[in-house]
Amino acid sequence: MGEQLKGQCLCGSIKVAVTPNSESVDVCHCSVCRKWTAGPYLALSCSDNVEITGDTITTFRSSEWAERLFCSRCGTSIVWRLADGSGENHVNSELFNEASGFPLGTQVFIDEKRDNYDFGQQTNTMTGAEVFALFAPGENSND
Ligand SMILES: [Zn+2]
Ligand SMILES: [Zn+2]
């Protein structure tokens, strides 16, 4: 577990403090993240060690099991998390200056990546099916 990092949204209304599970940046190429962020979603994987404060926090339920928090004033993406409160949080790594030196971790939903970009680094990759198999064993969800 790394040290606590502090950041904020573009307008400063939302303050975020996290202690990531590791000092690496995971990447999601899924179509929802790409639409949400205008690119792949770069995130710090965190358990419950996430504090988010500010009165412009808005929650969007993006699927049956997950929700996305963003700033209703400036639009900054803050976190993707499981909606059941089980403590699976993927916080926008770009909020934190200190994360600029973190290497890339795993790239997920690699099968939904668009062909017009690629990262230069070699990393672990997972398809959407592999991610669902990891997080929802026995289920056969599809989006
Ligand atoms: Zn904001
Ligand atoms: Zn995604």
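Determine whether residue 40 is within 11 Å of ligand 2 (Cβ to nearest atom) and not aliphatic (A, V, I, L, M).
Against the criterion (within 11 Å of ligand 2 (Cβ to nearest atom) and not aliphatic (A, V, I, L, M)), residue 40 qualifies.
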Checklist entry - Given 23, 51, which one is over 13 Å from the mean Cα position of the chain (by Cα) and either in a strand (DSSP E or B) or near ligand 2 (Cβ under 10 Å from one of its atoms) (or both)? => result 51
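For residues that are outside any helix (DSSP H, G or I) and either within 10 Å of ligand 1 (Cβ to nearest atom) or out of contact with any Cys (no Cβ under 6 Å at 6 or more places or on another chain) (or both), tally how many sit in the range 84-99. Break it down stepwise before answering.
Restricting attention to the range 84-99, the residues satisfying the condition of being outside any helix (DSSP H, G or I) are 84-92, 96.
If we keep only those that are either within 10 Å of ligand 1 (Cβ to nearest atom) or out of contact with any Cys (no Cβ under 6 Å at 6 or more places or on another chain) (or both) too, we end up with 84-88, 90, 92, 96.
Matching residues across the range 84-99 total 8.
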Next on the checklist: Between a residue in the range 24-49 that is within 16 Å of ligand 1 (Cβ to nearest atom) and any residue that is assigned to a loop (DSSP other than H, G, I, E, B), which pairs come within a Cβ distance under 9 Å, given they are 6 or more apart or on different chains?
Outcome noted: 36/62
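Looking at this structure, is residue 81 part of a strand (DSSP E or B) and either closer than 30 Å to residue 111 by Cβ or touching a Cys at 6+ places or on another chain (Cβ under 7 Å) (or both)?
Working: part of a strand (DSSP E or B): yes; either closer than 30 Å to residue 111 by Cβ or touching a Cys at 6+ places or on another chain (Cβ under 7 Å) (or both): yes.
Taking the combined requirement at face value, the residue satisfies it.
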Checklist outcome for this item: Restricting attention to the range 100-118, the residues that are in a loop (DSSP other than H, G, I, E, B) and under 12 Å from residue 42 (Cα atoms) number exactly 2
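Please pick out the residue among 120, 128, 85 that is in contact (Cβ under 8 Å) with a residue 24 or more places away in the chain and out of contact with any Leu (no Cβ under 6 Å at 6 or more places or on another chain).
Values: 120 fails: in contact (Cβ under 8 Å) with a residue 24 or more places away in the chain; 85 fails: in contact (Cβ under 8 Å) with a residue 24 or more places away in the chain.
Just one listed residue meets the conditions, 128.
In the list 94, 88, 67, which residue meets the criterion of being within 16 Å of ligand 2 (Cβ to nearest atom), out of contact with any Asp or Glu (no Cβ under 9 Å at 6 or more places or on another chain) and under 24 Å from residue 120 (Cα atoms)? Before you say what the answer is, go through the steps one by one.
Numbers: 88 fails: under 24 Å from residue 120 (Cα atoms); 67 fails: under 24 Å from residue 120 (Cα atoms).
The conditions single out 94.
Laboratory data are not the source of any read-out in this text; all were calculated from the coordinates shown. Source: prediction; values computed, not measured. Note that we place each Cβ from the backbone using ideal geometry, even for glycine, and neighbour counts take in every protein chain shown.
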